[in-house]
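Student: Structure in structure tokens, see below.
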Amino acid sequence: MEEGRRVDLVGEVLDQRLVDFIGRPMGCVDGLVLELEEGEPPRVSHVQTGGVTLARRLRGPLGGWLAAAARRWGGTRGEPFRIPWERVKAVGLDVEVELDADATPAWHWEHRLGRLVAKIPGS
């Protein structure tokens, strides 16, 4: 991401689709981590993805259920998957990151569902 470019974090980044370096989807940007230093404007240090981050944004029973499911079955066992802002390559229709989706917990569910579907006769 080019240094000094202004980005509307809520409109252009939060809840946008994440794609890896070859365009494979990796989920969505579910949260942002900001660094605060005295006398300086806030700076984005990481984007977060995963059910646990989304659950923290939801209130009530649905958020609690989703957080419990993320802790039990998620690829990061209840911890958000953080991507350093320096790995964000571009913000446009998608948020492109310099990562291989297959080598991250972001594809945990894809792999799990793939194994389940492979067990279905005739799939």
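Student: Taking the stretch 27-54 as the region of interest, how many residues are touching a residue at least 40 places away in the same chain (Cβ under 8 Å), aliphatic (A, V, I, L, M) and touching a Leu at 6+ places or on another chain (Cβ under 9 Å)?
Tutor: Here the count works out to 3.
Student: Something else now. Mind listing whichever residues of the stretch 2-23 are touching a helix residue (DSSP H, G or I) at 6+ places or on another chain (Cβ under 7 Å) and at pLDDT below 90?
Tutor: Matches in the stretch 2-23: Val7 only.
Per-residue answers, yes or no, for (1) in a loop (DSSP other than H, G, I, E, B); (2) at pLDDT 80 or above; (3) not small (Gly, Ala, Ser):
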{"residue": "Leu54", "(1), (2), (3)": "no, no, yes"}
{"residue": "Gly63", "(1), (2), (3)": "no, no, no"}
{"residue": "Leu66", "(1), (2), (3)": "no, no, yes"}
{"residue": "Arg72", "(1), (2), (3)": "no, no, yes"}
{"residue": "Thr76", "(1), (2), (3)": "yes, no, yes"}
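The values are calculated or read from the model by the stated rules, or taken from the named source; none is laboratory data. Model, not experiment: these values are computed from the prediction. Cβ coordinates were reconstructed from backbone atoms using ideal geometry, including for glycine residues, and neighbour counts include every protein chain displayed.
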